[in-house]
Amino acid sequence: MIPKPELRKVADVFSSSLIEELANDDFKKMLQLKALLGFDGSEKIEVRHLLQYAFNHLTKYYKSEYVYKCILFKKVILGVHSPNTAAMLSELRLGSSKVDAFIVNGIATSYEIKSEYDNLDRLEKQLSDYAAFSDKVYVLGDIKKIDQLVSNIPSQFGIKVLTKRGTMSTVRTSSNFYPEFSVEKVASLLTAPELKDIVRPCLTSIDDVPNTMVYKACKEVLTTFSAHELKRLTLSRLKCRGIENNRLLAKLPYELVGRVSHAKLSVKKQNKFLNALTATV
């Protein structure tokens, strides 16, 4: 078995920069990973198989936040919903916090992951931020920390735990938060092209406006919408963004879904990334 300090380094390889690095033919982390996992320097292995081998070690011996994200995608997007009708966005900024997973189907559900290696510092502030944007908010944690989670998390927030068998079990159901969406909230969540998509039916000249001026041009239109309509349109655009990512995810090994749900890659970069997975190191 790999020592725990080395397993932490293996977990660090699955960082937010991994997808971009591979898309740019940067294999330094793969060579480091190969050494950490004890492969002989002269032995060649495909990048995708190396990542699968590493992920299997993490699943058995070091369930990091990244492992939780992959399991969440598998159980919720592929299990409960469908990748054609639901999306999971990672590290989306909600207020002053970044949510681990923001799942959109008909409603928005935020998940904050707390593995056995995480503390609960700042958790109450994070959950409060998420509730301002989400219909439901859950903490997903390790079953060994169930008592700590129940005693420290306010009762309006839901709790789910990852069992030893890798299943998700609901300890407490989340309240419904009924968030109201303002123009400012919409602008904080959507990109300039997404804002244009929302207002185009009311402002056909929006395509002639530079991206730097889009918010100002859109604000006048958006202020005529109700909070309910702003929420519906925003969640619809976020779901479309995630479903576009799902098309790439369908081509990938399960072990990479937790990272690609955060990545923003052009079609060219996606193809380079897919080619990098079959390269040998």
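The values are calculated or read from the model by the stated rules, or taken from the named source; none is laboratory data. All figures in this text were calculated on a predicted structure; none of them were measured in a lab. Because the Cβ atoms are built from the backbone with ideal geometry, glycine has one as well, and the counts that use them run over all protein chains shown.
Of all residues in the stretch 56-90, those satisfying the criterion of being crowded, with 21+ Cβ neighbours inside 10 Å and within 22 Å of Cys240 (Cβ to Cβ) are Lys69, Leu72, Phe73, Ile77, Ala87, Met88, Ser90. If you go through the stretch 34-48 one residue at a time, do you hit one that is surrounded by 15 or more Cβ atoms within 10 Å (Cβ to Cβ) and small (Gly, Ala, Ser)? No - not one qualifying residue is present in the stretch 34-48. Please indicate, with yes or no, whether at least one residue in the stretch 206-229 is among the small types (Gly, Ala, Ser) and within 26 Å of Thr85 (Cβ to Cβ). Yes, that holds for at least one residue. Within the set Ile243, Ile206, Ile198, the sole residue that is touching a strand residue (DSSP E or B) at 6+ places or on another chain (Cβ under 6 Å) and part of a helix (DSSP H, G or I) turns out to be Ile243.
Out of the residues in the stretch 57-87 that are of a type outside the set (Val, Ile, Thr) and without any contact (Cβ under 8 Å) to a residue 24 or more places away in the chain, state the one that is nearest to Ser115 (Cα to Cα). In this case the residue turns out to be Lys60.
Restricted to the stretch 246-276, and to residues there that are part of a helix (DSSP H, G or I) and of a type in the set (Lys, Arg), the residue that is nearest to Leu58 (Cα to Cα) is Arg259. Number of residues in the stretch 23-46 that are closer than 29 Å to Glu116 by Cβ and either touching a strand residue (DSSP E or B) at 6+ places or on another chain (Cβ under 7 Å) or of a type outside the set (Lys, Arg) (or both) equals 8.
Residue pairs whose Cβ atoms lie under 6 Å apart, sitting 6 or more positions apart in sequence or on different chains, and linking a residue in the stretch 1-17 that is touching a residue at least 24 places away in the same chain (Cβ under 8 Å) to a partner that is small (Gly, Ala, Ser), are Val10/Ala54; Ala11/Ser64. Of all residues in the stretch 80-100, those satisfying the criterion of being farther than 21 Å from Asn152 by Cα and either among the hydrophobic types (A, V, I, L, M, F, W, C) or touching a strand residue (DSSP E or B) at 6+ places or on another chain (Cβ under 9 Å) (or both) are Val80, His81, Ala86, Ala87, Met88, Leu89, Ser90, Glu91, Leu92, Arg93, Leu94. Is there a residue in the stretch 38-45 that is closer than 30 Å to Thr163 by Cα and within 26 Å of the chain's Cα centre (by Cα)? No, because not a single residue in the stretch 38-45 is closer than 30 Å to Thr163 by Cα and within 26 Å of the chain's Cα centre (by Cα). Name the single residue, out of those in the stretch 214-240 being part of a helix (DSSP H, G or I) and either of a type in the set (Asp, Glu) or surrounded by fewer than 12 Cβ atoms within 10 Å (Cβ to Cβ) (or both), that is farthest from the chain's Cα centre (by Cα). Top of the filtered list is Glu220.
Matching residues to (1) of a type outside the set (Lys, Arg); (2) assigned by TED's automatic domain parsing to the domain that holds Ser188; (3) more than 21 Å from Asn176 (Cα to Cα); (4) at pLDDT 95 or above:
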{"site": "Asp40", "(1), (2), (3), (4)": "yes, no, yes, no"}
{"site": "Ile71", "(1), (2), (3), (4)": "yes, no, yes, no"}
{"site": "Ser90", "(1), (2), (3), (4)": "yes, no, yes, no"}
{"site": "Gly106", "(1), (2), (3), (4)": "yes, no, no, no"}
{"site": "Thr109", "(1), (2), (3), (4)": "yes, no, no, yes"}
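Within the stretch 144-195, the set of residues being assigned to a loop (DSSP other than H, G, I, E, B), free of Cβ contacts under 8 Å to residues at least 24 places away in the same chain and closer than 18 Å to Tyr117 by Cβ comprises Thr163, Lys164. I'm trying to understand the selection: among the residues of the stretch 254-278, which are exposed (fewer than 14 other Cβ atoms within 10 Å of the Cβ) and over 13 Å from the mean Cα position of the chain (by Cα)? Of everything in the stretch 254-278, those that are exposed (fewer than 14 other Cβ atoms within 10 Å of the Cβ) and over 13 Å from the mean Cα position of the chain (by Cα) turn out to be Ser266, Val267, Lys268, Asn271, Asn275, Thr278. If Gly38 passes every condition in (1) at positive phi; (2) without any contact (Cβ under 8 Å) to a residue 12 or more places away in the chain but one, which one does it miss? The one condition Gly38 does not meet is (2). Given the stretch 25-143, what strands (runs of 3 or more DSSP E) lie entirely inside it while holding 3 or more residues that are over 16 Å from Met168 (Cβ atoms)? Result: 92-94, 97-99. The test for being of a type outside the set (Ser, Thr, Tyr), in contact with a Leu (Cβ under 7 Å, 6 or more places away or on another chain) and closer than 24 Å to Lys63 by Cα holds for Ala101.
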